[in-house]
Amino acid sequence: MSGATLYIQEDFKISDVQVEILVGIVSFYATFGSAAAGKTSDMFGRRYTMAISAGFFFLGAILMGFAPNYGLLMAGRFVAGIGIGYSSLIASVYTTEVSPASARGFLSSFPELFLNVGILLGYVANYAFSGFPLQLGWRFMLGIGFVPSVFLAALVILVMPESPRWLVMQGRLGEAKQVLIRTSDSIEESLQRLDDIKTSVGISASCEDDVVEIPKQISNGRGVWKEFLHPTPAIRHILITAIGVHVFQEATGANAAVLYSPRIFEKAGISSSDQKLLATVAVGVVKTAFILVATVLFDRVGRRPLILMSLGGMAVSLITLGVGLTIIEGSEEERTWLVGLCVAMVLTDVAFFSMGIGPMCYVSSELFPLRLRAQGMSLGMVVNNVMSGIVSMTFLSLYSAITIGGAFFLYAGIAIVGWVFFYVLFPETRGHNLEHVEKLFGNLLWKFSPNNKKYDPTSDDLETTSPDA
């Protein structure tokens, strides 16, 4: 959308405020999809929920591509936004539930990886179609989105198995066992995973039946919100941490850098439309490349070190970008080195984002126990979409009010607050079975608790360690 807005604004003669609404409103629309997806995935399964999201993407792309005016373009954004809400929730839940513990961080980063591949392809499409006539080019930029939705639907129908954890929640143990055998490193591991899942929903680990009766409260996800409203200390800690992931992922301004990169590069001194679009392609390349780094490091280094490195690096990059843009804005002479510095800092910012806090919103689905996972991620994605909408719909107005440099100083301050938040609250979850992660939580000020606990995956007990371990 970032490149297309340059041409939509010229074609429909719309104001900057209307551009802000067009870009940012999709995140608010996505809240409806995220809210519905949690219930849908508990009732009908993770797999069919993905098919629903593909349908919304297909229809949204067609509506936007053929929109004759601003109103119908907004209607297409609404439909696509519902699809975004569905997919952002179900992709993380499904990947987390299918993955073995040894590769969960790696595989759970895939939704963010392929999201960035999509963004990169969008940037490339923007550049490729920029030479088309004004009224045609942006329609291809938006309408071509129907292609991946067709591939997603085919993948769901022909290849993807249902989540084994959802199957157990429905009492379909035989089917769950077959899926676990396909997605585990060994038969022994698949049987251990099945026993852990059965125990987590109240089924005896010794039960060998292929189909068992499950209380509707469990199979339909009922009672979840009651537990959220009256949480145990561990669930309260999980909720605060998971919501914090979604808040700081968006509030640090990464969406502004992605969606408004042509504007940022223009403020930095790049005037050519082609050069601005090429610079946005560079943003997409860097963002995607560093997601690949994160997919490898999440299971080797851990979640906590990458998040802290990510937010620290973003804070430094955003401060430097703010300084560069402030100098450029206050100077009449052209300084090529400052233009290069600003472009480099945008790229550095998205690189640090992609190495930690970016994919963590999808990895965070591992924090919730099975009974709460879909609805917990639904709540998290609603918060994520609201924050994304606020950032997207206020960026142009924000930099008009406090200067573009001031806007990035604000985002840097939020990144610093986020660093402190995760340093104090967030325990390491690398290598732990999903059914055991809940045991890591309970002490809200985790870092400073004398009884800080670390779970040993090879044991059924919790071992006490130093908070600095």
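The values are calculated or read from the model by the stated rules, or taken from the named source; none is laboratory data. Predicted model, so just to flag it, every value in this text is computed and none were measured. In this analysis, Cβ positions are derived from the backbone assuming ideal geometry, glycine residues included, and neighbour counts consider all displayed protein chains.
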query = Is the stretch 146-165 home to any residue that is assigned to a helix (DSSP H, G or I), touching a residue at least 40 places away in the same chain (Cβ under 8 Å) and touching an Asp or Glu at 6+ places or on another chain (Cβ under 9 Å)?
reply = yes
query = Scanning for something of a type outside the set (A, V, I, L, M), buried (at least 19 other Cβ atoms within 10 Å of the Cβ) and modelled with pLDDT under 80, does the stretch 73-88 turn up at least one residue?
reply = no
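Any idea which residue in the stretch 49-97 is farthest from Leu136 (Cα to Cα), counting only those that are β-branched (Val, Ile, Thr) and over 18 Å from the mean Cα position of the chain (by Cα)?
First pass over the stretch 49-97, keeping only residues β-branched (Val, Ile, Thr): 49, 52, 62, 79, 82, 84, 90, 93, 95-96.
Subset that is over 18 Å from the mean Cα position of the chain (by Cα): 52, 62, 79.
Working: Ile52: 29, Ile62: 14, Val79: 21 Å.
Only one residue tops the list, namely Ile52.
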note = In the stretch 380-406, residues that are buried (at least 21 other Cβ atoms within 10 Å of the Cβ) and polar (S, T, N, Q) total 4
message = Suppose we filter Phe395, Phe421, Phe368 for residues that are over 26 Å from Ser99 (Cβ atoms), aromatic (Phe, Trp, Tyr) and at pLDDT below 90; which single one remains?
response = Phe395
key: Enumeration of residues in the stretch 35-89 that are among the charged types (D, E, K, R) and in contact (Cβ under 8 Å) with a residue 60 or more places away in the chain   = Lys39, Asp42, Arg46, Arg47
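Residue-by-condition table, conditions (1) within 18 Å of Arg47 (Cβ to Cβ); (2) buried (at least 19 other Cβ atoms within 10 Å of the Cβ); (3) hydroxyl-bearing (Ser, Thr, Tyr):
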position: Ser149; (1), (2), (3): yes, yes, yes
position: Ala153; (1), (2), (3): yes, no, no
position: Val168; (1), (2), (3): yes, yes, no
position: Gln178; (1), (2), (3): yes, no, no
position: Glu189; (1), (2), (3): no, no, no
position: Ile197; (1), (2), (3): yes, yes, no
position: Gly202; (1), (2), (3): no, no, no
position: Glu208; (1), (2), (3): no, no, no
remark   = Filtering the stretch 151-162 for residues that are of a type in the set (Val, Ile, Thr) and under 22 Å from the mean Cα position of the chain (by Cα) leaves a count of 1
query = With (1) within 30 Å of Gly302 (Cα to Cα); (2) surrounded by fewer than 22 Cβ atoms within 10 Å (Cβ to Cβ) as the list, and Ile62 as the residue in question, which single condition is left unmet?
reply = (1)
remark   = For the stretch 319-338, pairs from a residue that is among the hydroxyl-bearing types (Ser, Thr, Tyr) to a residue that is part of a helix (DSSP H, G or I), with Cβ under 6 Å and 6 or more apart or across chains, are Thr320/Met345; Thr326/Gly405
task = Kindly indicate which of Lys13, Lys39 is surrounded by fewer than 18 Cβ atoms within 10 Å (Cβ to Cβ) and either within 21 Å of Gln135 (Cα to Cα) or among the polar types (S, T, N, Q) (or both).
result = Lys13
ask   = Hey, does the stretch 422-444 have a residue that's more than 30 Å from Asp195 (Cα to Cα) and of a type in the set (Gly, Ala, Ser)?
value = no
remark   = Among Gly330, Gly269, Gly302, the single one that is surrounded by fewer than 16 Cβ atoms within 10 Å (Cβ to Cβ) and at positive phi is Gly302
inquiry  = Can you find a residue that is of a type in the set (Asp, Glu) and under 30 Å from Leu370 (Cα atoms) anywhere in the stretch 25-42?
reply    = yes
